[in-house]
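S.K.: Structure below; questions to follow.
Coordinate-derived values only; no laboratory data. The model shown is predicted, which means the values in this text are computed figures rather than measured ones. Cβ placement follows ideal geometry from the backbone for every residue including glycine, while neighbour counts extend to all protein chains displayed.
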Amino acid sequence: MDYKRILLKLSGEALSEDRDSIYSKKVFESIYQEVKFLIDKNIQVSIVIGGGNIWRGEIADEINIDHEKADYMGMLATSINSIALTSFFNKKGLDSVFVNMFDIENVAQNKDVSTLDNYLNDGKVIIFGGGTGKPFFSTDTAASLRAKEINADAIFVAKNNTNGVYDKDPNKYDDARFFPEITFQEIIDQNLKVIDATAIELLKDTEINLIIFNMNRDNFIKNLYNNNDSQNKTIVGKKKN
């Protein structure tokens, strides 16, 4: 792996094994082991987490909550997840810092771009919470913004039970075509629902690659590091390798 600084994008649902609980110790342990593997390889790591295990937008529609307010609720959910993962990492001895996009006194660090570089260079894991800090944007967009701010080489996008990019939902269509490599422009042109369109627009003229992979496989990060499982990840970039 040539990447020296990566941002790991996790969905909130990835933190649990089922809908009966918001967290799973087994999943937290797995994420910890994979992140520690990267840190031990001198790869700098930051993380953006979604909030879907706690709050989802369709619930707001069902109970008629205003969209803007619902988005703030989602941002709070990402902050809760970030606090949980930061605490877990630190208890395990993996030095981590929780940086939120809005103030949570005595809990979160304020986002100061000038200090983020220092944290990463010191081997700390940065866990970003609070989405973009503004409504109407997804955590995919937050991940793209944070990756640009820290000059990441790549964003690792962990998917649940999906190996990468397809032309249609592989869980519904047996003839879905898998793309081991694809460009940002091809995703735009083919209107592929990979990650949020705003996130793609932010990245399409950068040198940042997206690595989209299935996190429900054992040793998912180690396999990426060792360039294994070529059929279980998609590399998205400004141009194909």
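S.K.: Provide the packing ranking of 95-101, 175-181, i.e. peptides ordered by the mean count of other C-beta atoms within 10 Å per residue, highest first. Display every interim value, and only then the final one.
M.R.: Details: 95-101: 20.9, 175-181: 13.1.
The most tightly packed comes first, giving 95-101, 175-181.
S.K.: Using alpha carbons only, what's the Rg to Rh ratio of region 68-148 with Rh from Kirkwood? Spell out each step's value before the answer.
M.R.: Details: Rg = 12.5 Å, Rh = 12.9 Å.
Ratio of gyration radius to Kirkwood radius: 0.96.
S.K.: Related question: Can you give the Rg/Rh ratio of region 93-231, where Rg is from the C-alpha atoms and Rh is the Kirkwood radius? Write down the numbers at each step before the final one.
M.R.: On the way: Rg = 16.6 Å, Rh = 16.7 Å.
Rg/Rh: 0.99.
S.K.: Enumerate the lysines that K92 could reach by cross-link, defined here as Cα to Cα under 26 Å, with residues fewer than 8 away along the same chain left out.
M.R.: Partners found: K4, K9, K25, K26, K36, K41, K111, K124, K159, K222.
S.K.: How large is log10 I(q)/I(0) at q = 0.12 Å⁻¹ when the Debye formula is applied to the Cα atoms of the chain, each weighted equally and without solvent?
M.R.: Normalising to I(0) and taking log10 leaves -0.65.
S.K.: As a test of the formula, what do you get for the chain when each DSSP H run with n ≥ 4 contributes -39,500 (n - 2.57) and the sum is divided by the residue count, at 222 nm and rounded to the nearest 500 deg cm²/dmol? Mind dumping the intermediate values first?
M.R.: On the way: 8 runs with 86 residues, N = 241.
Helix-only estimate at 222 nm: -10500 deg cm²/dmol.
S.K.: If you filter region 46-121 for GluC sites (Glu not before Pro), then keep DSSP loop positions with at most 12 other Cβ within 10 Å, what is left? Intermediate values should be presented prior to the final figure.
M.R.: Details: sites: E58, E62, E68, E105; in loops: E105.
Listed in order of number, the matching sites are E105.
S.K.: If packing is taken as the mean number of other Cβ atoms within 10 Å per residue, what is the order of 43-54, 208-219, 108-119, highest first? All intermediate terms of the calculation are to be shown ahead of the outcome.
M.R.: Values: 43-54: 24.1, 208-219: 18.8, 108-119: 14.4.
Sorting 43-54, 208-219, 108-119 by mean packing, highest first, produces 43-54, 208-219, 108-119.
S.K.: How about K240: which aspartates and glutamates have a C-alpha closer than 19 Å to its C-alpha, ignoring those fewer than 8 places off in the same chain?
M.R.: D2, D153, D167, E181, E186, D189, E201, D205, E207, D229
S.K.: Taking only C-alpha pairs under 8 Å that are 6+ residues apart, what is the relative contact order of the chain in percent?
M.R.: On the way: 447 pairs, mean separation 51.5, N = 241.
Dividing the mean separation by the residue count of the chain yields 21 percent.
S.K.: What shape does region 8-119 take by its C-alpha gyration tensor, where a ≥ b ≥ c are the square roots of the eigenvalues and a/c under 1.5 counts as rounded, a/b above b/c as prolate, and the rest as oblate?
M.R.: Judged from the Cα gyration tensor, region 8-119 comes out oblate (a/c at least 1.5, b/c at or above a/b).
S.K.: Is region 163-241 rounded, prolate or oblate when judged by the Cα gyration tensor, a ≥ b ≥ c being the square roots of its eigenvalues, rounded requiring a/c under 1.5 and prolate requiring a/b larger than b/c? Working shown, then result.
M.R.: Values: a/c = 1.94, a/b = 1.18, b/c = 1.65.
Oblate.
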